Structures are given as C-alpha cells and as structure tokens.
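Q: My questions all concern the structure below.
The values are calculated or read from the model by the stated rules, or taken from the named source; none is laboratory data. On a predicted model such as this, the values are computed, not experimentally measured, just so you know. We place every Cβ from the backbone using ideal geometry, glycine too, and count neighbours over all the protein chains shown.
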Amino acid sequence: MDMTMWDKIPEEMQLYLSRNGKHFNKRLCEFAVGRMRKKDKNGNPVRLTPVTRDETEAMLAEAGYDISDYDAPFDAVYVANMANADYMGSSLEDRAHVAKYVNDTLADPDAYEGQTFNRWLADMAGRGVWIDWEKMV
C-alpha cells in the first residue's frame with residue numbers, strides 16, 4: 001500500500017509531497033538518518049555516524065555510478081546510510097559493495113516511484129514515530 005494515499009493526509013505532509021514528491025529532501029534525510037543505529041563489536045546499538053551527500057556522491061563515483069542518475073539525490077544518501085547501519089560488515093563488506101547496493105536499490109527496474117520513501121514511511125508508522133512535516137518542508 002502506498003503510505004501517502006491515506007484518507008486524510010496532514011496539510012504539512014501534502015505540502016512536503018507537492019515540493020519533493022515521494023522522495024527525501026535534505027531535512028527529511030537528516031531526520032531519518034539521525035534515528036539510525038548500528039551494532040558495535042559487542043552487539044550493542046550505537047548511533048550511526050552519518051554519511052553526507054558529498055561522501056555518498058564520492059563513494060558512488062568511485063564505484064562507477066553517478067548520483068544524478070537517480071530521481072532524488074537524498075534517496076541515495078538515505079539508502080547509503082541505511083546500508084551502513086544495517087548491512088556494513090555483514091552482507092556488505094566495503095564501500096564498493098555499499099555503492100552497488102545503493103545503485104541496485106535505486107535503479108531496480110521493478111521498483112515503483114517513491115519506493116524508498118514509502119518503505120521508510122511505513123517503518124515510521126509501524127514504530128509510531130511522529131514526523132513534524134512542517135519542519136521538513
């Protein structure tokens with residue numbers, strides 16, 4: 001289900017969607033990434049050190065990808081951070097594999113418009129996280 005198709009969408013969320021579509025802008029990406037945790041060597045959750053847009057762009061370029069090939073650059077930043085938080089050191093062994101994961105996720109021919117955004121939004125709804133859309137615009 002498209003999480004932006006509720007019966008009643010808050011006005012601030014409507015404004016966000018009208019400006020950004022179903023994609024992350026810088027503020028929403030920072031909000032989303034700021035909530036991410038990863039496990040330390042002992043398996044304890046710790047705050048993720050975020051990867052910036054410039055670092056994401058450089059990582060992608062090193063692997064032969066161009067951030068401008070994606071619909072929204074902050075979708076790539078979000079996916080890079082999520083990959084670092086959830087998969088780095090396990091299924092993804094280095095930056096090149098994170099870059100490949102970002103590309104595979106955002107260039108997936110089966111994906112629908114706004115898939116990354118919708119999946120994140122569904123996660124926030126499932127966890128009961130309130131989003132102050134007015135601050136995200």
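Q: Looking for something among the aliphatic types (A, V, I, L, M) and touching a residue at least 60 places away in the same chain (Cβ under 8 Å) - is there at least one such residue anywhere in the range 102-123?
A: Within the range 102-123 (the criterion being among the aliphatic types (A, V, I, L, M) and touching a residue at least 60 places away in the same chain (Cβ under 8 Å)), the answer is yes, since at least one residue qualifies.
Q: Go through the residues of the range 46-54 one by one and say whether even a single one is modelled with pLDDT of 95 or more, surrounded by fewer than 17 Cβ atoms within 10 Å (Cβ to Cβ), among the charged types (D, E, K, R) and out of contact with any Lys or Arg (no Cβ under 9 Å at 6 or more places or on another chain).
A: Yes.
Q: Would you call Val51 out of contact with any Asp or Glu (no Cβ under 8 Å at 6 or more places or on another chain) and not in a loop (DSSP other than H, G, I, E, B)?
A: In short, no.
Q: What residue, among those in the range 23-45 that are part of a loop (DSSP other than H, G, I, E, B) and among the charged types (D, E, K, R), is surrounded by the most Cβ atoms within 10 Å (Cβ to Cβ)?
A: Of everything passing the filter in the range 23-45, Arg35 is surrounded by the most Cβ atoms within 10 Å (Cβ to Cβ).
Q: From the list Ser68, Ser18, which one is modelled with pLDDT of 95 or more and loosely packed, with under 12 Cβ neighbours inside 10 Å?
A: That would be Ser18, the only listed residue that is modelled with pLDDT of 95 or more and loosely packed, with under 12 Cβ neighbours inside 10 Å.
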